[in-house]
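The structure appears right after this line, and notes come after that.
The values are calculated or read from the model by the stated rules, or taken from the named source; none is laboratory data. Only a predicted model underlies this, so the values are computations on that prediction, with no experimental measurement involved. No Cβ is skipped: glycine too gets one built from the backbone with ideal geometry, and neighbour counts run over all protein chains shown. We work out accessible area using only protein heavy atoms, side chains counted, and drop any ligands, DNA or RNA first. Shrake-Rupley method; radii C 1.70, N 1.55, O 1.52, S 1.80 Å.
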Amino acid sequence: MKIYSEELKKKYGFEFKMRIGLNSGPVIVGSIGDDLRMDYTAIGDTTNLAARMESMAEPGTVLVSPITYKRVSQQFKFNPRGKVEVKGKKEPLDVYELVGQVDKSGAGLDRQIYSEMVGRDKELDKLELQVMKAINGEGSVINIIGEAGIGKSRLVSELRNSPLKKRVTLLEGRAISIGRNLSFHPIINLLKHWARIKDDDNTATAFGKLETAVRRACQEDTDEILPFVATLMGIKLSGRYAQSIEGIEGEALEKQILKHMKDLLIKATDLTPLVFVTEDLHWADTSSIELLESLFRLSETRRIVFVNVFRPHHKETGDRIIETLKERRTEYYVEISLQPLDEENSETLINNMLNIKGLYHGVKDKIIQRAGGNPFFIEEVVRSFIDEGAVVKKNGIFEVTDKIDTMTIPHTINDVLMARIDRLDENTRDLVKVASVIGRNFFYRIITEVAKTVDDIDSRLSYLKEIQLIRERSRMEELEYLFKHALAQEAAYESILFQKRKQLHLTVADSIEKVFNEKLHEFYGVLAFHYTQGEDEEKTEKYLIKAGEEALKSSASSEALHYFHEALNLYLKKYGDTADPEKVAMLEKNIAFAYFNRGQFIEAAEYFSKVLAFYGEIEIKLSVSGIFKLFLRFLYLLAGLYLPFLRWKKTPSSQDSEISYLAFQQGQCLAVIDINRFVIELMNHSKRLILFDISQLKKGVDYFCSVSSLFSYGGISPMATQNPPLVAT
Ligand SMILES: Nc1ncnc2c1ncn2[C@@H]1O[C@H](COP(=O)(O)OP(=O)(O)OP(=O)(O)O)[C@@H](O)[C@H]1O
Ligand SMILES: [Mg+2]
């Protein structure tokens, strides 16, 4: 940018400055107004933040978001610009100014992780066997097929380190994701690689290098072959070479190109056996596919192995090649289909990469589960641990830190998964997105209700099953599906615009209420979640409370705690000072019980105090008047105990009963956490023993026992326990 700006200044005499803002993440590409249709505008949170970065950048600088920074901080140098408030973000963000490229040597060493190849012995044997056969004169075509990140390229790269490599010529070309319309691009890439042509070589240099390479392989036939190969590569010809192809156009030119490419390979196989690798063939253009299909026949007679590496379910490229080869019934066709690693191998992979002694099983299991046997995912999760400082390198050895439990999903995995989802046809993609709003698992009856506008749901679901994006099972006597990778659901979900998401959550909640009306109690938590996301506060609160009560019943106290806390926060946020104290107290009571059940007595006591305060039961402070009050209570209690006619024996109201019950619960907490407060609070509430018929108090007998214990604490228990007539039952 700077160089260009200087050039303009010199040439035209004006200042030219640009500023750039970068952010990374999923975007929605679509026409505004209908976010699921393809067009060429990228929108969404990611682009909004990029625009914010741009507007904050000084002219002549590049400002990046923390998300982009994390991805490329190993390759580029940045100056931290501190925290910056960004509209629409709760927390200020760390932004960075790009200053240059990192010196490659030794960069990112602390982040480097490596593993030997694990669990692919059979597949490697199969591949090497075909190469061996080629060395012995028998060619073949191999398709290496597998999901993104499963280890296809890794398998091929093992070949590079194999002793067999010395006995063959390895030609490698790679298709690129934007290349569906770039004619012959993987073939061109392979030829450039072979002739050692670099991207910045000018035409003359490139042509010179190609000439040398072709001459090495074909000697006297060079003049004939070279112009066609150069034309295929888009290298402009001049002089006699230009003349030699003059007048040959269109189909005739294509045929000639094919013929001479064949000749080139035939000549090359005369010198050494060839391994012709096309990486990422799923992205190849149609011309390359057609060319390859006709080249494959060479394997029937020549020492050549074609290795086609691609992801499954690409109709016009990979699937087409499989079909062609199967139709030809060629004996030279071999398929290597890579499956996810099993748990044992996944674990070995993690051990190899981190080699940490203290890495406990829980963490490994978490990685294994998240990654579903995909080595790339495993690597990315491990890398994210390193990035976030959950794993650090000290003296060349990795160690685990406390941060390990708060890890997030690396963005690159989302990209990979999103690529899979984007490949689906529009309606199926919509179905996946709707499903992702329902959750990692979704009932058949709900998806059919929510995705009413999608036709032919059954066959779409079975296709998604077939391509292993989802699995089927039965739960609660219902047909249910689940996303195979949790991450796939998350990626699909994140690709939906915020407004659309909100609306979908409400539709999902609505459908659940309708479809599962009879067993709604099992869905309270789920409903609370969907209504929260849909921002329907009233319904959220209703279901949070119901979910909390349900959880307390089933002694799922941590869930209960979560639901009641959420409900309380939501309620207070909504009503602030005008909140109904009784409702607040009801929620606080439930929180207190949930804490109590979890054994968190400090927090429980705090919440019991709050609820008691609502009933007017204020804690006694240890001031002069407080102590005097306690002393009077004590006398009152003694009088009541020893002079039975003083006892009121009033029938307690439900509120009285509730208060003594809460006081008793609070006492149980205090007995554990603070014995002095326990004594004081018990004294404070002891008047109830004289006022009421305790047999009618909720937990009255227990209450009596705890007051007795107070006497035992004071050393006068015998006297108290000799007077049990208070207990009616
Ligand atoms: N069996 C294995 N043992 C150890 N590491 C592996 C294994 N398989 C893959 N890896 C590592 O996982 C990462 C992803 O693998 P690879 O690049 O081969 O995936 P791929 O199938 O080619 O994916 P894509 O379709 O995206 O190109 C690489 O870093 C690779 O080294
Ligand atoms: Mg690959």
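Here K403 and N79 are evaluated by their C-beta separation; at R0 = 30 Å the FRET efficiency comes out at 0.75.
Pairwise Cα distances in the stretch 409-495 exceed 23 Å in 14 percent of cases.
Note on exposure: I397, I496 ranked by accessible area (1.4 Å probe, complete protein assembly) read I397, I496, with the most exposed listed first. In terms of its C-alpha gyration tensor, the stretch 248-370 has a prolate overall shape, because the principal axis ratio a/c (a ≥ b ≥ c, square roots of the eigenvalues) is not below 1.5 and a/b outweighs b/c.
The ratio of the alpha-carbon radius of gyration of the stretch 113-270 to the globular-protein estimate 2.2 N^0.38 Å is 1.19.
Taking only the C-alpha atoms of the stretch 343-395, Rg followed by Dmax gives 10.3, 32 Å.
With each label modelled as a point 7 angstrom along the Cα→C-beta vector, the Y642-R154 pair spans 8.3 nm.
Taking 0.36 nm per residue of separation and subtracting the current Cα-Cα distance, fully stretching the chain between E300 and E606 would add 102.0 nm. When the alpha carbon gyration tensor of the stretch 114-168 is reduced to an equivalent ellipsoid, its three semi-axes come out at 21, 13, 9 angstrom, largest first. Of the residues Y595, I618, A585, the one whose Cα sits farthest towards the positive end of the charge dipole of the stretch 576-646 is I618 (charges of +1 on Lys and Arg Cβ, -1 on Asp and Glu Cβ, taken about the Cα centre).
When you filter the trypsin sites (Lys or Arg not before Pro) in the stretch 280-338 for DSSP loop state and at most 16 other Cβ atoms inside 10 Å of their Cβ, you are left with R328, R329. The Rg/Rh ratio for the chain is 1.13, where Rg is the radius of gyration of the alpha carbons and Rh is the Kirkwood radius.
For K366, the lysines whose Cα comes closer than 28 Å to its Cα, not counting residues fewer than 8 places off in the same chain, are K70, K122, K152, K357, K393, K394, K403, K433, K465, K484. One decimal place: the segment E513-E335 gains 59.2 nm when fully extended, by the rule 0.36 nm per residue minus the C-alpha distance.
With a Förster radius of 35 Å applied to the beta-carbon distance between E426 and S244, the computed FRET efficiency rounds to 0.15.
Placing a pseudo-label 7 Å from each Cα along the Cα-to-Cβ vector at D319 and Y114 gives an inter-label distance of 4.0 nm. Per residue, the solvent-accessible area of the chain (1.4 Å probe, heavy atoms of protein chains only, all protein chains present) comes to 52 Å².
Where both bridge residues fall in the chain, DSSP classifies roughly 50% of the beta bridges as antiparallel. Looking at the stretch 231-260, the trypsin sites (Lys or Arg not before Pro) that sit in a DSSP loop and have at most 15 other Cβ atoms within 10 Å of their own Cβ are K236. D365 label point, 7 Å along Cα→Cβ, cut-off 19 Å on backbone N: hits in the stretch 548-584? In the stretch 548-584, the label zone of D365 (backbone N under 19 Å from the point 7 Å along Cα→Cβ) covers 558-559. Ordered by solvent-accessible area of protein heavy atoms (1.4 Å probe), largest first, the residues K364, K519 come out as K519, K364. The lysine pair tally for the stretch 606-710, using Cα distances under 19 Å and a gap of 8 or more places or different chains, is 12. Taking each residue as 0.36 nm, the span from A204 to K10 lengthens on full extension beyond its C-alpha to C-alpha distance by 66.9 nm.
What shape does the stretch 49-107 take by its C-alpha gyration tensor, where a ≥ b ≥ c are the square roots of the eigenvalues and a/c under 1.5 counts as rounded, a/b above b/c as prolate, and the rest as oblate? Prolate is the answer for the stretch 49-107, as a/c is 1.5 or above and a/b outweighs b/c.
Rounded to the nearest 10 degrees, the inclination of helix 375-387 to the longest alpha-carbon principal axis of the chain is 60 degrees. Roughly how many percent of the accessible protein surface of the chain is carbon and sulfur, given a 1.4 Å probe and a whole-percent answer? Answer for the chain is 51 percent, counting heavy atoms of protein chains only.
The loop-placed GluC sites (Glu not before Pro) in the stretch 495-599, going by DSSP, that have at most 16 neighbouring Cβ atoms within 10 Å of their Cβ come out as E535. Pairwise Cα distances in the stretch 257-296 exceed 14 Å for 52 percent of all pairs. The label-point distance for S183 and F628, in a model that sets each label 7 Å from Cα toward Cβ, rounds to 10.4 nm. For the stretch 198-211, putting each phi into the Karplus relation 6.51 cos²θ - 1.76 cosθ + 1.60 with θ = phi - 60° gives couplings of 9, 4, 8, 5, 6, 3, 5, 4, 4, 5, x, 5, 5, 4 Hz, in residue order, rounded to whole numbers and with x for Gly and Pro. Adding -39500 (n - 2.57) for every DSSP H run of four residues or longer, then dividing by how many residues the chain holds, sets the calculated 222 nm ellipticity at -17000 deg cm²/dmol.
When the inverse distances between all different Cα atoms of the stretch 301-382 are averaged and flipped, the Kirkwood radius reads 15.6 angstrom. Note the angle between two axes, namely the Cα long axis of helix 185-195 and the longest principal axis of the Cα atoms of the chain, as a number of degrees from 0 to 90, rounded to the nearest 10. With both axes taken from Cα atoms, the answer is about 60 degrees. In the chain, taking the dipole from charged Cβ atoms about the Cα centre, the farthest positive-side position among I336, A195, Y241 is held by A195.
Hey, with R₀ at 41 Å, roughly what FRET efficiency would D458 and K236 work out to, going by the Cβ-Cβ distance, to 0.05?
Numbers: r = 55 Å, r/R0 = 1.34.
So, using R0 = 41 Å, E works out to roughly 0.15.
Going by accessible surface with a 1.4 Å probe and the largest first, D319, D45, D342 read D45, D342, D319. Anisotropy class assigned to the stretch 533-599 is oblate, per the alpha carbon gyration tensor with a/c at or over the 1.5 cut-off and a/b no larger than b/c.
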